[in-house]
Amino acid sequence: MKFSTKTIHIGQKSDVSTGSIIPPIYLTSTFLQSSPGVTKGYDYTRAGNPNFTNLEKTLSSLELGKYATIFSSGSGALTAIASTLSSGDTVIAVDDVYGGTYRLFKQVFEKFGIIFKQINFKNFEEIEKNFKLRPKIILLESPTNPLLKIVDIKNISNLAKKYKIMTVVDNTFSSPYFQQPLSFGADVVLHSSTKYLGGHSDLIGGAVITNNKNFADKMHFARKALGLNPSPFDAWLISRSIKTLAIRMKKHQENALEIVKFLKGNSQVKKVYYPGFSGIVSVEFKLSLSQTKKLISSFKIFSLAESLGGIESLVDHPASMTHASIPKKKREQSGLHDGLIRFSIGLEDKTDLIKDLRRALKLLTIK
Ligand SMILES: *Cc1c(COP(=O)(O)O)cnc(C)c1O
């Protein structure tokens, strides 16, 4: 079955008891037991719910994995993954890892003895040197945020296998429409469903997908034990949103390509970062910090807000917003300067988006 057919038909079965085409929302905390311990597969929503199962079927199918576990957020998914580690274990991540991931490991899990290290995954010598230290997990993002660097998931996860290291890929920025990391040899895929999977900026969610049964069991255990479950309503909303994932991602890309073309031709632009797919475009302008702040506050269609991946276009200033939890020196080392702006290109008409950009840039030159 092809991708867009899966988004509409896997985990999206009509309700057998009523014939309702759309699966109902199971807003319940608990489930009837016919005798103690005898259930129809569910006992308590923190542990599981039919809306979770439906979405998990869809996600595992789209990511080419056997098992999926959904969570309250992408951060909840990362917490579940981190909870499988023990004191003394090391995690090695990409150097410009998502700000919240950095904060979670540095400010929470380091207290419990988990070592968090970031390296440049472009340098194979550095990779191999670090793999010899036997980290338990490597945490990749590709493309990275906000500099949109591409990481060679295939070669890195192959090398990791030799050292018995588990490769985890945060696939939030690509969505399974553009990239399925398990097919490149990664062991685990994680998502912030808040972004492209949800796609409408109206919910928070997360997911972990894997072919490893033992790890999947640990994810279900972590959800139940740590209380990382989403609400059935949010799970249902993501299931609904996923039906349009393919068509949305195609349009995000189409619009982003046009914006990149416009920006590359503008004299106030220093550098455009765009990997060629998905809808995030980062731009370094030839502007001071105050001009940059003026620019991002003067758009009419691009809303100044954190997050990404929704139908509406957003603009973000990583240094003072999404990546503010990373120390300035560390930020600059990885190329994340104060003049960098990240656009999440939405599904509006591209001519309106370009008009908005042109107008805001022109305002800067008027004193
Ligand atoms: C947003 C995001 C997260 C965190 O997800 P939440 O749903 O906000 O908790 C993790 N990784 C990436 C790449 C993200 O963009």
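In the structure shown, the pairs K195/K362; K6/K350; K129/K218; K106/K328; K271/K300 are assessed against 25 Å; a Cα-Cα span above that value is assigned to K195/K362; K6/K350; K129/K218. Compute the angle between helix 245-264 and the longest alpha-carbon principal axis of the chain, please, reported from 0 to 90 degrees and rounded to the nearest 10. Result, in degrees: 10. The Cα center of the range 176-225 and the Cα center of the range 1-55 differ in position by 18 Å. Remark: the M1-E110 segment gains 34.9 nm on full extension, using 0.36 nm per residue and subtracting the alpha carbon distance. Given points 7 Å out from each Cα along the Cα-Cβ axis, report the K300 to E254 separation in nanometres with one decimal. Each label point lies 7 Å from its Cα, and together they span 2.4 nm. At a threshold of 8 angstrom on Cα-Cα distance, excluding pairs fewer than six apart, so keeping six or more, what relative contact order does the range 1-93 reach in percent? Result for the range 1-93 is 22 percent. Taking amide H positions as modeled 1.01 Å from N, with prolines and chain starts lacking one, the residues under 5 Å from L347 and 5 or more places away or on another chain are E312, S313. Per-peptide packing, taken as the mean over residues of other Cβ atoms within 10 Å, places 152-162, 303-313, 27-37 in the sequence 303-313, 152-162, 27-37 from highest down. A convex hull fitted around the alpha carbon atoms of the range 29-119 yields 142 Å³ per residue.
Helical runs (DSSP H, four residues minimum) scored at -39500 (n - 2.57) apiece and divided by the length of the chain put the mean residue ellipticity at 222 nm at -10500 deg cm²/dmol. The angle separating the long axis of helix 50-62 from the principal Cα axis of greatest extent in the chain is about 60 degrees. Taking Cα centre as origin and charging only the Cβ of basic (Lys, Arg, +1) and acidic (Asp, Glu, -1) residues, the dipole magnitude of the chain rounds to 620 debye. Using the beta-carbon distance between S86 and S288 and R0 = 51 Å, what value does 1/(1 + (r/R0)^6) give for FRET efficiency, to the nearest 0.05? So the FRET efficiency works out to roughly 0.60.
Of the residues R134, R342, R240, the one that moves most in a GNM of the chain with alpha-carbon contacts below 10 Å is R134. Dividing the mean sequence gap of close Cα pairs (under 8 Å, 6+ apart) by how many residues the chain holds gives a relative contact order of 18 percent. Using a/c under 1.5 as the rounded threshold, could you call the chain rounded, prolate or oblate? The axes a ≥ b ≥ c are square roots of the C-alpha gyration tensor eigenvalues, and prolate needs a/b larger than b/c, oblate otherwise. Oblate is the answer for the chain, as a/c is 1.5 or above yet b/c matches or exceeds a/b.
Helix 213-226 and the long axis of the chain differ in direction by around 90°, with both axes built from C-alpha atoms. Structure remark: mean-square fluctuation, Gaussian network model of the chain, C-alpha springs under 10 Å; the largest value among L104, L55, L139 belongs to L104. Between N211, N229, N130, the GNM of the chain built on Cα springs shorter than 10 angstrom shows N130 fluctuating the most.
None of the figures in this text is laboratory data; all of them are computed from the coordinates on show. None of these values were measured; they are calculated from a predicted model. Every residue, glycine as well, gets a Cβ built from its backbone with ideal geometry; the counts of neighbours run over all protein chains shown.
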